[in-house]
Amino acid sequence: MNETNDIVEQRRKKIEDLKKENINLFPNDFIVTSTVKDVLNEIEKAPDSITENAPVFALAGRMMAINRFGKAAFVRFRDRTGYLQAYIRKDRVGDEAFSLFKKLDIGDFIGIKGGMFKTKTGEWTQLANEIKLVCKAIRPLPEKFHGLKDPEKRYRQRYIDLIMNSNVRDIFVKRSKIVQEIRTFLLKRDFLEVETPMMQPIPGGAEATPFKTYHNALGMDLFLRIAPELYLKRLVIGGFEKVFELNRNFRNEGVSTRHNPEFTMLEFYQAYATYNDLMDLTEEMIKAAAVNVTGSTLITYNGNSIDLGRKWLRMPLLKAMEEIGGIDPSLLDDRGKLLNFASSKGINITQKTGAKNVCLGKIIAKLFDILVEPKLIQPTYITGYPVEISPLSRKSDNDHTLTDRFELFIAGHEIANGFSELNDPDDQKKRFLQQVADREAGDEEAHYMDEDYIKALEYGMPPTAGEGIGIDRLAMIFTDSASIREVILFPLMKNEKNDTIIN
RNA sequence: GGGCCGUUAACUCAGUUGGUAGAGUAUCUGCCUUUUAAGCAGAGAGUCGCGCGUUCAAGUCGCGCACGGCCCA
């Protein structure tokens, strides 16, 4: 990173000049008394009490624009709460401070002390009594009007993106608020927030390929978790009847506009509840988050107007396949017919899983993803998933081929997956054995056997319902972001040059 | 994994039929004490992503590679 250009060289030259004058480029003694927002609030409260002489505010921030006029200048600077303009006059700050100020650049941090006045155009502006350098920037910022647009640079150097693009700052503030709202919502309902292992000896709780790592001292393989599910249910067995975890999962899969290898999930479990209860709770929670974060239950995503305020539709999976996917229901219980139907639509089922004998449930799920999911724009719960693709879900009492499971879709995105938990240890063992067989048949995403989890279930897990909600996808929908990279501060990127190898 | 598109000054972008590189902003110098993308005068700034090839000549054409974006699987 030693590339030079003439702007950086010029700045380094200025820095040498400043050093010769004994100017500290990185001081830490400027005392900030107010934020920009504090000042604006005081003005709003009592505008008549504000003058250019008093009260005196001490503010600090990054200079984003400078208009110089020989012996005076306007400076636009920003702190975390907003922008403020300051007016620097040579006859007010003194010759020495003004000649220092002349050497400062856009991007530098300054501290200013002074009162407030209104300019000719009516903008409240700080009149500097003092101006100090608080931190020198060596590299120049992008141009003020067009800002930084190059997506690669925006992701790799997110700090510049955040400096330059207020809409990007807004997205991440919103994301943080979503997380906070969800946490508050669950804590109010007596859920306990917990942290379970991210490094697991047996990865479980989802169908996905894990990242593998190795513990040197213990001499053991470990996997980064693909889901916290099996640990959270152990906690329910332990007596924590309402738990949640809101943190990162890791899946060793491709990167796309909807997938980042590490992503954030909420998982929560509630004893003595059913999947129907969780649908009610989720609806309430996401509506509350929408109101508290965006101010409304109406959101726009990708040009679609989405109304979170209406009662959310609930539709059985097989009915959705028929009514929305346009699939003849007589095909839905016949593997062969359904495979023929898929290939007539140009959909190759076997390719992804690698398994030779793909089960009926997987074929249905795949067709659902392609033919139904994109059409689920308004919030919709799809219920009743086939048992063979729901190895941790409780079987429906009235149909043992289906489970008490739902998925939530908004704006064509899968947002949540929840179910009444399977708490019969013998049934769970059978399901794991089927998964192991699938794995041996070539399905790399099938579950591993987890004997300890079976043992835990044998101690008894009360009837429980649990759910996972994809926080990144929720953030995408709340911020009208087309790519998951727009809601992850530092999305995973390949090395710019393939020569960075760390041993 | 496949397809399409992109990569040119610090940033945003032009660059015609292959003929030795352009603008705006930013930067530097000078003038300027109420600007709002300030103004006026002048100046500097490029490994055209990387490599190979075709050609008298490549930012431009061809092949390969890297990174990124979108779509598909």
* Structure fact -> Whole-Hz Karplus couplings 3J(HN,Hα) for the stretch A:125-131, θ = phi - 60° and coefficients 6.51, -1.76, 1.60, Gly and Pro as x, run 9, 7, 9, 6, 7, 9, 9
* Asked: Which number comes out as Rg/Rh for chain A once both Rg and the Kirkwood Rh are worked out on C-alpha atoms?
  -> 1.08
* Structure fact -> Hull surface over four for the Cα convex hull of the stretch A:6-141, reported in nm², is 8.3 nm²
* Hey, how many Å between the Cα centroid of the stretch A:165-200 and the Cα centroid of the stretch A:354-395? -> 28 Å
* With at most 16 other Cβ atoms within 10 Å, longest stretch of chain A clear of loop GluC sites (Glu not before Pro) (DSSP) -> A:254-443
* To do: Would you calculate the separation in nanometres between label points at A:Ile15 and A:Val56, each defined as 7 Å from the Cα along the Cα-to-beta-carbon direction?
  => 3.1 nm
* the stretch A:19-124: which chymotrypsin sites (Phe, Trp or Tyr not before Pro) are DSSP loop and have at most 14 other beta-carbon atoms within 10 angstrom? -> A:Phe69
* **Listed residues A:Ile106, A:Met164, A:Gly418: farthest to the positive end of the dipole of chain A (Cβ charges)** => A:Ile106
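Which of the chymotrypsin sites (Phe, Trp or Tyr not before Pro) found in the stretch A:239-307 are in a DSSP loop and have at most 11 neighbouring Cβ atoms, other than their own, within 10 Å?
A:Tyr272
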* **Inverse mean reciprocal Cα-Cα distance (Kirkwood Rh) of the stretch A:112-266, Å** => 20.5 Å
* Asked: A:Arg139 to A:Asp29: FRET efficiency via 1/(1 + (r/R0)^6), r the Cβ-Cβ distance, R0 22 Å, to the nearest 0.05?
  -> 0.35
* Structure fact -> With A:Ala290 itself left out, Lys, Arg at +1 and Asp, Glu at -1 over residues whose Cβ is under 12 Å from its Cβ give -1
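Let me have the 222 nm mean residue ellipticity of chain A computed from DSSP H runs of 4+ only, each contributing -39500 (n - 2.57), with the sum over all residues rounded to the nearest 500.
-10000 deg cm²/dmol
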* **Anchor A:Lys494: aspartates and glutamates whose Cα lies under 18 Å away (excluding residues fewer than 8 positions away in-chain)** => A:Asp150, A:Glu152, A:Glu253, A:Glu262, A:Glu486
* For the stretch A:406-430 and the stretch A:1-76, what is the separation of their C-alpha centers, rounded to whole Å? -> 55 Å
* Using θ = phi - 60° and the Karplus relation 6.51 cos²θ - 1.76 cosθ + 1.60, list the HN-Hα couplings for the stretch A:55-71 in order, rounded to whole Hz, with x at every Gly or Pro. => x, 9, 9, 10, 10, 9, x, 8, 6, 9, 7, 9, 10, 9, 10, x, 9
* **Phi-based couplings in Hz for the stretch A:135-142 (Karplus 6.51, -1.76, 1.60; Gly and Pro marked x)** => 7, 8, 9, 8, 9, x, 7, x
* What lysines sit close enough to A:Lys345 to cross-link, taking a C-alpha to C-alpha distance under 27 Å and skipping anything fewer than 8 places away on the same chain? -> A:Lys319, A:Lys337, A:Lys356, A:Lys362, A:Lys366, A:Lys375
* Structure fact -> Given a 1.4 Å probe, the accessible area of chain A per residue, as a whole number of Å², is 51 Å²
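The values are calculated or read from the model by the stated rules, or taken from the named source; none is laboratory data. Quick caveat, the model's predicted, so the values are computed rather than measured. Cβ sites come from the backbone with ideal geometry, for glycine too, and all protein chains shown count toward neighbours. Ligands, DNA and RNA are excluded from the accessible area calculation, which covers all protein heavy atoms including side chains. Shrake-Rupley method; radii C 1.70, N 1.55, O 1.52, S 1.80 Å.
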